[in-house]
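Single-structure report; data block below.
Derivation of every value follows stated rules applied to the coordinates shown; laboratory data play no part. Fair warning: this is a prediction, and the values are worked out from it, not measured in the lab. With ideal geometry, Cβ positions are generated from the backbone for all residues, glycine too; neighbour counts draw on all protein chains shown.
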Amino acid sequence: MLRLIGGVIAGIVGWVVVLSAIDIAMRHGWHEYAAVEKAMTFTLPMMIARLSESAVSSLVGGYLAGLVNKGGWAPLLAGTLLLLLFVPEHYRLLHQFPLWYHATFLLSLPVLSWMGGRCVRA
């Protein structure tokens, strides 16, 4: 049980750390992105970049969760917990982004976390 809890925590912390690092790099390296980030008026390439940073973060977070939990349920649980945490925020932002963006982001959290955890077994 401790490995499961530790894996979920490792997955979520890993997701946050990787996402934050990529986001900082994007803001410093892509001035147009930094200019619109607070207003959240992203162009299509910017939305795709944001989804990509989340995808990489989910894969890494899932991998870390799988390492701690020895390939158990922690990656899927970490991704599902992230999904549950982000649903209210994306509901609040529903009018600001296209539906495909919300669906892609939210559904990718548990799926890509699980996939990242599966890499531990390979």
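Per-residue HN-Hα couplings for region 43-60, Karplus 6.51 cos²θ - 1.76 cosθ + 1.60 at θ = phi - 60°, whole Hz, x for Gly and Pro?
Ordered by residue, 3J(HN,Hα) equals 7, 4, x, 5, 5, 5, 5, 5, 5, 5, 5, 5, 4, 4, 5, 5, 5, 5 Hz.
In degrees, nearest 10, range 0 to 90: what is the angle between the Cα axis of helix 74-92 and the longest Cα principal axis of the chain?
30
So for each of 18-31, 102-115, 51-64 I average, over its residues, the number of other beta carbons within 10 Å; can you give me the resulting order with the highest mean first? If you can, show how the numbers build up before the last one.
Values: 18-31: 13.4, 102-115: 19.5, 51-64: 22.3.
Taking the mean over residues of other Cβ atoms within 10 Å, the ranking is 51-64, 102-115, 18-31.
Given that compact globular proteins tend to follow 2.2 N^0.38 Å, what is the ratio of the alpha-carbon Rg of region 25-91 to that value?
Values: Rg = 14.8 Å, N = 67, 2.2 N^0.38 = 10.9 Å.
Working it through for region 25-91, the quotient is 1.36.
Dividing the alpha-carbon radius of gyration of region 2-118 by 2.2 N^0.38 Å (N being the number of residues), what value is obtained?
Working: Rg = 14.5 Å, N = 117, 2.2 N^0.38 = 13.4 Å.
Dividing the Cα Rg of region 2-118 by 2.2 N^0.38 Å gives 1.08.
Rank these for me by crowding, Met40, Met47, going from fewest to most other beta carbons within 10 Å. Don't jump to the answer; show the numbers that get you there.
Details: Met40 12, Met47 17.
Lowest count first: Met40, Met47.
Can you grab the distance from the C-alpha centre of region 67-87 to the C-alpha centre of region 1-27, Å, no decimals?
10
What are the ³J(HN,Hα) values, in whole Hz, obtained from phi via the Karplus relation 6.51 cos²θ - 1.76 cosθ + 1.60 with θ = phi - 60°, for each residue of region 94-103 in sequence order, with x given for Gly and Pro?
Working through the residues one at a time gives 3, 6, 8, 10, x, 4, 4, 5, 4, 4 Hz.
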